[in-house]
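Below is one structure, written out as structure tokens; the observations come after it.
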Amino acid sequence: MSATLNIRAVRAILRYEMARARRALVQSIVSPVLSTVLYFIVFGAAIGTRISAVGGISYAAFIVPGLIMQTVLSQSISFASFAIYFPRFTGTIYEILSAPVSFIEVICGYVGAAALKSIATGLIILFISFFFVPLHILHPVWMAGFLVLTCATFSLLGFIIGIWADDFEQLQLIPLLVVTPLSFLGGSFYSIKMLPPLWQKISFANPVVYLISCFRWSFYGHADVPVGISLAVIGTFFTVCLGITAWIFKTGYRLRN
């Protein structure tokens with residue numbers, strides 16, 4: 001592995017992935033945005049008017065960070081998993097493996113493209129949410145940092161899933177059966193403090209709770225979990241995913257056969 005990053009290789013992968021996203025714009029960006037807008041309409045406008053404020057925040061505004069985080073989690077995994085699975089499926093992955101490109105540059109290209117697309121989706125949803133509820137972002141820099149870190153972390157997870165999967169069914173297995181339930185149970189539509197004590201303790205075993213809590217704090221200064229703990233959880237998960245990805249390239253797991 002070279003001492004310096006091969007910017008041309010990273011840029012080539014990024015440009016290819018972003019071009020593919022533009023060709024499938026409806027599926028990549030428009031569809032998840034419209035789905036989230038429906039959540040705003042149903043939960044914010046219809047149900048939100050019947051629910052009292054949560055922690056001094058209107059319910060419609062309270063669910064915005066959770067909805068954004070829920071969407072970028074699923075989209076980060078989807079973008080990254082398909083991006084690396086498709087070259088494996090077509091056999092073009094061998095061209096990348098035989099090129100003078102390090103695994104860091106491959107990760108920066110594929111994971112970076114997936115994270116950029118997820119960040120764009122999250123920002124579009126944030127922009128649209130201003131038309132539905134009055135929003136005030138208390139810590140915009142922290143909000144941007146949490147968004148980038150979350151998208152990068154779950155893009156890494158999606159990259160791992162894309163390498164592990166043998167077919168398109170397996171590609172959707174973990175997102176549908178694991179990530180989606182954890183997202184809905186992670187406090188997107190409610191505060192963990194509203195649950196009975198036993199269920200609060202159970203909820204803290206859900207890593208998505210820390211992501212949503214941290215992201216919501218950047219908006220309103222309201223968090224179910226101390227921000228430092230949330231950052232530690234996110235950072236640990238990112239490090240573990242990066243370590244697994246490095247091991248995959250070092251051993252050639254499901255890449256060389």
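The values are calculated or read from the model by the stated rules, or taken from the named source; none is laboratory data. The structure displayed is predicted, hence computed values, not measured ones. As a convention, Cβ positions derive from the backbone with ideal geometry for all residues, glycine included, and neighbour counts pool all protein chains shown.
Remarks
- Taking the criterion of being among the aliphatic types (A, V, I, L, M) and either farther than 20 Å from Pro207 by Cβ or surrounded by 14 or more Cβ atoms within 10 Å (Cβ to Cβ) (or both), the residues of region 174-186 that qualify are Ile174, Val179, Leu182, Leu185.
- Scanning region 194-206 for residues that are in contact (Cβ under 8 Å) with a residue 24 or more places away in the chain and surrounded by 15 or more Cβ atoms within 10 Å (Cβ to Cβ) turns up just one, Asn206.
- Candidates Thr71, Thr36, Thr90 - the one that is under 30 Å from Arg254 (Cα atoms), buried (at least 18 other Cβ atoms within 10 Å of the Cβ) and of a type in the set (S, T, N, Q): Thr71
- Restricting attention to region 59-118, the residues that are of a type outside the set (A, V, I, L, M, F, W, C) and in contact (Cβ under 8 Å) with a residue 60 or more places away in the chain add up to 16.
- Hits in region 213-236 (condition: hydroxyl-bearing (Ser, Thr, Tyr) and touching a His at 6+ places or on another chain (Cβ under 7 Å)): Ser218
- Here Val101 does not fit the description of being hydrophobic (A, V, I, L, M, F, W, C) and either farther than 30 Å from Ala144 by Cβ or modelled with pLDDT of 90 or more (or both).
- In region 233-257, the qualifying residues are those that are more than 16 Å from the chain's Cα centre (by Cα) and of a type in the set (Val, Ile, Thr), and the one that is farthest from Thr153 (Cα to Cα) is Thr251.
- The residues on offer are Ala113, Ala61, and the sole one that is assigned to a helix (DSSP H, G or I) and in contact with a helix residue (DSSP H, G or I) (Cβ under 7 Å, 6 or more places away or on another chain) is Ala113.
- Of all positions in region 136-156, at least one carries a residue that is buried (at least 17 other Cβ atoms within 10 Å of the Cβ), farther than 19 Å from Val240 by Cα and in contact (Cβ under 8 Å) with a residue 60 or more places away in the chain.
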